[in-house]
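Novice: The structure's right below; bear with me while I get my questions together.
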Amino acid sequence: MEDYLSAQQLGTFAGIAIATNIIVQFTKSILKKRYKDYVIRIYAFIVTFVLSFIFIPHQNTPKDIALLIINSILICMTSFGNYEVFKDTYRKTAR
């Protein structure tokens, strides 16, 4: 494997979900000190939308922008789902 994550891989659903997960996990501690969790979710959506806008080929038509927004919502939900699964796996529960 020559590249860790190429531009072609970032143009896929999984590639953007992975990139979003990595970016948000390493930068959310900055926001979490000042804001509540819902701000982190909005931040994750913005990161996802920017990555989608850059790496997914599109034309600047209203239809393509609407599809980018819908795809960004799905990717953002997937990214947060990955985090919740990992976090819940290692959470200690009181029994």
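Novice: Among the residues of region 8-17 satisfying the criterion of being touching a residue at least 24 places away in the same chain (Cβ under 8 Å) and assigned to a helix (DSSP H, G or I), which is surrounded by the most Cβ atoms within 10 Å (Cβ to Cβ)? First the steps, then the outcome.
Specialist: In the first step, residues of region 8-17 are kept if they are touching a residue at least 24 places away in the same chain (Cβ under 8 Å); the result is 10-11, 13, 15-17.
Narrowing the set further to residues that are assigned to a helix (DSSP H, G or I) leaves 10, 13, 15-17.
Working: LEU10: 17, PHE13: 13, GLY15: 19, ILE16: 28, ALA17: 21.
Applying the filter and picking the extreme gives ILE16.
Novice: Within region 54-63, how many residues turn out to be at pLDDT 90 or above and surrounded by 14 or more Cβ atoms within 10 Å (Cβ to Cβ)?
Specialist: 0
Novice: Out of all the residues in region 20-40, is one or more surrounded by 14 or more Cβ atoms within 10 Å (Cβ to Cβ), of a type in the set (D, E, K, R) and not in a loop (DSSP other than H, G, I, E, B)?
Specialist: Yes, because at least one residue in region 20-40 is surrounded by 14 or more Cβ atoms within 10 Å (Cβ to Cβ), of a type in the set (D, E, K, R) and not in a loop (DSSP other than H, G, I, E, B).
Novice: Right, here's the next one. Those residues that are touching a residue at least 40 places away in the same chain (Cβ under 8 Å) and not in a helix (DSSP H, G or I), I need them from region 41-71; list them, please.
Specialist: ILE56, PRO57
The values are calculated or read from the model by the stated rules, or taken from the named source; none is laboratory data. Computed from a predicted structure; not experimentally measured. Because the Cβ atoms are built from the backbone with ideal geometry, glycine has one as well, and the counts that use them run over all protein chains shown.
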